[in-house]
Structure formats: C-alpha cells, structure tokens
Amino acid sequence: MTSSAPEHDRLTPPDPQELSDWLRERVAYFVECPVTDIATDVKLVEYGLDSLYALTLCGDIEDTFGIPVSATLAWDYPTIDAIVGLLAAPRQS
Amino acid sequence: MTTLPGPPPALADPDLPHPLEQLLGDPLDPDNPLSYDAFLAADERGDLLPAGRALLDAFGLGAEFVPRALGGRLRQADELARVLRPLFRRDGSLGLGHGAINLIASAPVWSAGSPGQRGLLADLLLAGGQTAGAYTELASGHDLVASKVKAARQGRGWSLSGRKEVINNVTRAHAVTVLARTGEQPGSRSHSLFLLDMDSVPRERLRFLPRFRTSGLRAIHLGGVEFDGCPLPESALIGDEGGALESVLRAFQVTKAVLSGATLGSLDTQLRTVTAFATERRLYGRPVSELPHARAALTGAFIDLLIADCLSTTVCRALHVLPRMTSLYAPAAKYLVPLLTQEAMDSLAVVLGARSFLREGAQGIFQKHLRDLPVGSLAHSGATVCQATIIPQLPRPARRSWFVTPPAPSELFRIDAPLDDLDFQRLAITAAADDGLLAVLPDAAEQLRSDPVLGPLCGRLTDSLRVLRDDCLALTPRSATPLAEPWGFELAERYALLAAAAACLGVWQHNRDRPDPFLRDTAWLAAALRRLTVRLGHGPGPDVDTRAVFQELTERCERNTAFDLIGRRLA
C-alpha cells in the first residue's frame, strides 16, 4: 500500500482540495489516527513527523502529483495549509 | 586559483608505495619510530604518537581535505579514502584524531560556507592547523535536532551558550565547527552552523571539559567545550540561519563514504598479521594456514575486505557520478563496512587464538585494532544512525526505480577513471528515484544468465531485490522513521548488502581491461556474491572454488602489497 491517490504526470499545479486531502491522509496514515483528527493548520512536526520523514514526503508529492518539489519543502512550509498554499497556487516561482 | 588537470589519480604506479605509506616506513622494523610497536606504546600511554603527528604535519596532510579550487589536493573522494588508508593501517587514533577529523570539521564549510570562511579554513588546513566538529551533545547524540547549545542574536552577531561533549581534537583545534540552536520552533529550521576561529574567540567565554577516556582508540583526545555567552561575529554563521541540517546532511555523505574506505587499512593490517602468523606457525604437522577452518577464515576476511572496498569505492565515486543518490548510498557503506570488518576481525581472532588478546609481541597490533574498531565505528554515525537514515529513503526507489532505472554509467565503477572534482553543492539531501547502483543487479543477472556459478548467484540477488521492493512498499510510514520496529532496520541491512553486491558486479564488469588478472577473473567475484547471498538469507548455493583467492592472499602477503582493489605496494 503506498497511496490511494492516482499517479499523475502533469506540470499543472494540483487542485488545492485534492492536495490537501491527500496530505491529510498521508499524515493520518503516518500518525496512525483517523484522517478527521488531522488539522491543516497544525505543524507537521507536532504530529511527530521527523526531519528525515519530512524530506521523503516531498518525494511522495513529486511522484504522486508530477510536480518538482524542493526536498526541504516540508521544513520551510511546515503545515498542510502552507504546502497547499505554495504548490496549488496558480503561479509559483 | 586555477585548477590544473594533473594525472588521473588512480593511475599512480602500483609498484610504488603511496608517498604517505613510504614515509610511515616498515611497520615491523623495530628501529622505525612509526612502527606498530611505537604506536602500541603510544596507545598504552593514551596519547597520539608525537612522531606520527609530526610526520602528518610534515607531509601536509591538511591539504588533502581542502578542495583543489581553494589550493588543496582534494578532488576525488575515493582517492582521499586511499590516501588515508595507510594511516588506518597503523593507528586509527592518528587517522581519525589528527587526520579524518579535519574532513568531518571542514565538510560543512565546503558545502555551505561563505568565500571568506572557505578561504580561512583552507589557509588554516594548508598551514598545518587542526580543526574539530562540535556537532553532538551526549544527551541527544546524533538526534541533532534535539541539540541544546544555543546561539542567540546579540547586536550584529551571536552569543553562544551550552556544552558540546565527546568532541574529538577540540582542545588542539584552531577552528571549530559548532552546531547550535538558533530558533525556538520545533522542526528542522531551528539550527545553524558556526565556524569559530579559536584565535579570535574570547577565551574567558569558553571552558574545555575534561577528557573522556575510551576503551579503544585510546590515544584520541575526546573532550568537550562549554560556552558561556561566547560572542561571535555575524560572519561566523555558516550558510543560512536555520540551514544546519541541510548542510550536515550534505557534508556527512562525504565523510561517511570516505571514512568507510579509509578504515579498510585497519582490516588490511589484521589480515596481514594473521596470514603471516598462520603461514609460519605449524600445528598437526602442517602450517595453520593449511587447516581448512583457518584457511576459510583467512579467505573469508580477504573477500570481505574486497567487498567493503568495492562498496566504499563505488559510493565515494557516486558522490561525483550519482550525487542524487548518495544520501542513501553513504549510510549504506558506513553501516555495512564496519559490520563486515568486525566479523572478519572476529574470525581472524579465532585463528590467532591467545595471541589475539596479548598486548605486546609480534601480534600485539591485532588486539589494538580489534579494540579500536567498535569505537571507530561509532565515531561519526554508528550502525543504528545509518540504518535509520536509510529506512525512510527506501520506499521511493522501491516504487519508482528498482527494475526500472538503467544501470549507472561505467565511470562509477572504473577504478582508474578520473572524475570531476567533488562538488558538495550537487549532493541531494534525500535520495531520488534513480538507483543506478542497484540497477546493476537485474542487468547483470540477464547478462550472466548462462554462467553456471555467477548466473544462479545473480538470480538470487535479483530475487532478494524483488522481495526487498515488496517489503519496502508494505512499510508503513511510521516504520520508515527512527521509531521503526527492528523489521525496518533489517530492510536497511538487506539494502546495504544488495548495494555491496551491485558494487562488486559493477567493479568486475567495468575493470576487465585492467592489467590485474585477479580482478579480471571471476574467482573473487563468485566468492563475494556467495557470501553476500548467504548474508541475505539464501542457502549456500553453487560450489565456489576459493583456491585462487587464497593463493592471491598469500602472494600479496609475500609481495607486501595491499589487500584492497588496487593492491598497491606497501612500505
């Protein structure tokens, strides 16, 4: 079992809701709790996502949504909302 | 500073000892001030051999750690490992405490430092200065995020407070790299690195802690330092504020890979000592080396040394060729090489019998290296830290790369092919889905399918890779963290073993035009793959004839050439 989201090959930014739901699911899976317990404005580190795992999350985003992502994304954008805000925005650098 | 092309490094004449080995001289000559006996006596005293330090200073070892673009001699990681190997053949304390420690301390500066910091550190090392890396604290160990030493903003600079413990070489260092907390937030952006010029920090604001004594590597000076509001200029910050973890994750790939290759010198000494003993000593009317059990131990240790050299050399070269993957490869080498070395030494100790624990006499050097190894293995990332670094990086290549990515280019494995200078900036901090090393396994299995020995062995390795892929895909996210169950750690071990097998195959495939007939032949390769498949849990498999391997071992012992891949003459 890897992820429930289909893999895409696209360069367009993902739908914010889809990315947010997928991230909540990943975090819930990680902390082994119901997805409804995961808030999008709480820092991932507070759910116990350590530094190295946060790095691999970026690889998962890349592979699932087909967009290149910096490895330290989850260090610099520490909540689900922050990640969605960056990646799902219509224009990013 | 312009960079000169120079001769390709690995093409040095193998019939001549490395210049550093030459300077160290015959280790068995009682009149040599750098003999094994001299190092043993220094170890008993618990101090670095003064003649050893003087020799390294005269040789200008510091230049080996300075990139060529800054005036030093560092260009290729595998070459640096081979330069350091003669030191570890004598004494790990000197090799680490007056040698490799300077790589550990300087690597983050080469990775993230400003031009000013790089220049300062390069000048210092080129002038024979010493450095130390104050990363760890006893309470948090390698959990660097939990480090408590704090740097607070003060005016236009910083103020440093707290204790760093178990820091090698710190009292002798002219510059110290310090990891400190610079933010209160939890997470990975709250730590920064600082470069302390010990000539300019106010000494009344720091205090050295008493030395920590050790069971092995007794001569190293492990100390500590306590900062009491020690003021630092803004220019001391290495890289960006909050950038420590990133810099360290890059720099420590280089240190792990190079140390894995360098420390093989120690196993060379052990194997040489025991082979000489077993050839001379007679039991039951024949030399000990002709007793099957002893012969198997000697041959096995030689094979393990070759496996370890294939892996560490390949991983060092991957820093240049596959820098997107070395965050996975480097901890695999740093995990597996000490493990293979420890087990080889343990089986050699059985051959040596009571002499394996005598602290003097012709085999006295053996017990020293045996005691040194566990300490040296833990110094700078022990096995558990390395496994915990590997585990979270496995699911991605398992999902996207294994059985998909083509094998790495031949320059990864060609031991005499020059590479572009080491570039720390290119090292990725987490592995991409581009595992060109493991891709050697299914490719070789296809090519060698009809070989009666290598074919089945490669088939087993490919089976193991398939099982590992399935197991990695089944890994829950939580088990891919330092909180992993033992199961996750076992996956990391299997990955390292498969990486070693791929390295052996790659080295064999891509060096068949070299003059050395032993390396071209399949005897060592078949024996290596067989040992690795057994470690992976397979049965003994096809019979492998190791007579040629044993013969090579005894010939190298007589010719006084190294047991590693290059087999260069020794002093």
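No value in this document is a laboratory result; all are computed from the given coordinates. Predicted model, so just to flag it, every value in this text is computed and none were measured. So basically every Cβ, Gly included, is an ideal-geometry build from the backbone, and we count neighbours across all protein chains shown.
Could you tell me what % of all Cα pairs in the range B:53-198 have separations over 22 Å? Of the Cα pairs, 42 percent sit more than 22 Å apart.
Ordering B:368, B:334, B:148 by the number of other Cβ atoms within 10 Å of each residue's own Cβ, fewest first, gives B:148, B:368, B:334. The largest-to-smallest principal axis extents of the Cα set in the protein assembly as shown are 80, 68, 47 Å. Can you give the FRET efficiency for residue B:45 and residue B:156, using 1/(1 + (r/R0)^6), R0 = 41 Å, r = Cβ-Cβ distance, to the nearest 0.05? Plugging the Cβ-Cβ distance into 1/(1 + (r/R0)^6) gives 0.30. Loop-only trypsin sites (Lys or Arg not before Pro) in the range A:22-93, please: DSSP not H, G, I, E or B, and at most 16 other Cβ atoms within 10 Å. Those satisfying the criteria are A:91. Cross-link reach is defined here as a Cα-Cα straight distance under 29 Å, omitting same-chain residues fewer than 8 places apart; for residue B:150 the lysines meeting it are A:43, B:164, B:256. Coupling constants for the range B:247-252 follow from the phi torsions by the Karplus curve (6.51 cos²θ - 1.76 cosθ + 1.60, θ = phi - 60°), and in residue order they are 4, 5, 5, 6, 4, 6 Hz; glycine and proline get x. Per residue of B:248-255, other chain Cβ atoms within 10 Å of the residue Cβ number 1 on average.
Once the Cβ-Cβ distance of residue B:138 and residue B:343 is raised to the sixth power relative to R0 = 25 Å, the FRET efficiency obtained is 0.30. Normalised by residue number, the volume inside the convex hull of the Cα atoms of the range B:357-511 is 185 Å³ per residue. Between the range B:171-209 and the range B:487-531, the C-alpha centres lie 42 angstrom from each other.
Annotation for residue B:207 and residue B:467: the two label points, set 7 Å from Cα along the Cα-Cβ direction, are 5.6 nm apart.
Its alpha carbons considered, the range B:57-141 gives a radius of gyration followed by a Dmax of 13.0, 38 Å. Modelled spin labels at residue A:17 and residue B:450, positioned 7 Å past Cα toward Cβ, are 6.1 nm from each other.
Residue ranges B:294-300, B:149-155 sort as B:294-300, B:149-155 when ordered by packing (mean number of other C-beta atoms within 10 Å per residue, highest first). Think of each Lys and Arg Cβ as +1 and each Asp and Glu Cβ as -1; about the Cα centre, that makes the dipole of the range B:27-67 roughly 140 debye.
Each of B:165, B:360 was scored by other Cβ atoms within 10 Å of its Cβ. Arranged with the fewest first, they read B:360, B:165. For the Cα trace of chain B, dividing Rg by the Kirkwood Rh returns an Rg/Rh value of 0.96. Per the Debye calculation on the range B:421-562 with a single equal scatterer at every Cα and no solvent contribution, log₁₀ I(q)/I(0) for q = 0.13, 0.16 Å⁻¹ amounts to -0.70, -0.96. The mean number of Cβ atoms from other chains found within 10 Å of a Cβ in peptide A:54-61 is 6, as a whole number. Each of B:122, B:161, B:108 was scored by the projection of its Cα onto the charge dipole of the range B:88-183, and the greatest displacement toward the positive side belongs to B:161; charges sit on the C-beta of Lys, Arg, Asp and Glu. Cβ crowding within 10 Å ranks B:371, B:359 as B:359, B:371, fewest other Cβ atoms first.
Computed from the C-beta positions of residue B:559 and residue B:283, the FRET efficiency with R₀ = 25 Å rounds to 0.45.
Converting phi to 3J(HN,Hα) with the Karplus coefficients 6.51, -1.76 and 1.60 and the offset θ = phi - 60°, the range B:267-275 yields 5, 4, 4, 4, 5, 5, 4, 6, 5 Hz in sequence order, with x at every glycine or proline. Our estimate of slack between residue B:410 and residue B:474, defined as 0.36 nm per intervening residue step minus the Cα-Cα distance, is 19.8 nm. For the range B:434-571, a simple Cβ point-charge model (Lys and Arg +1, Asp and Glu -1, everything else neutral) yields a dipole of about 260 debye relative to the Cα centre. The distance between label points at residue B:426 and residue B:226 comes to 4.6 nm (points 7 Å beyond Cα on the Cα→Cβ vector). Electrostatic tally near residue B:460: other residues with Cβ closer than 11 Å to its Cβ, Lys and Arg +1, Asp and Glu -1, net +1.
Grouping the Cα pair distances of the range B:123-186 into 5 Å bins from zero gives a pair-distance distribution of 4, 18, 22, 21, 17, 13, 5, 1, 0 percent in increasing distance order. Taking every residue in B:183-189 and counting other chain Cβ atoms within 10 Å of its Cβ, the average works out to 5. Counting only DSSP beta bridges whose two residues both lie in the protein assembly as shown, roughly 85 percent are antiparallel.
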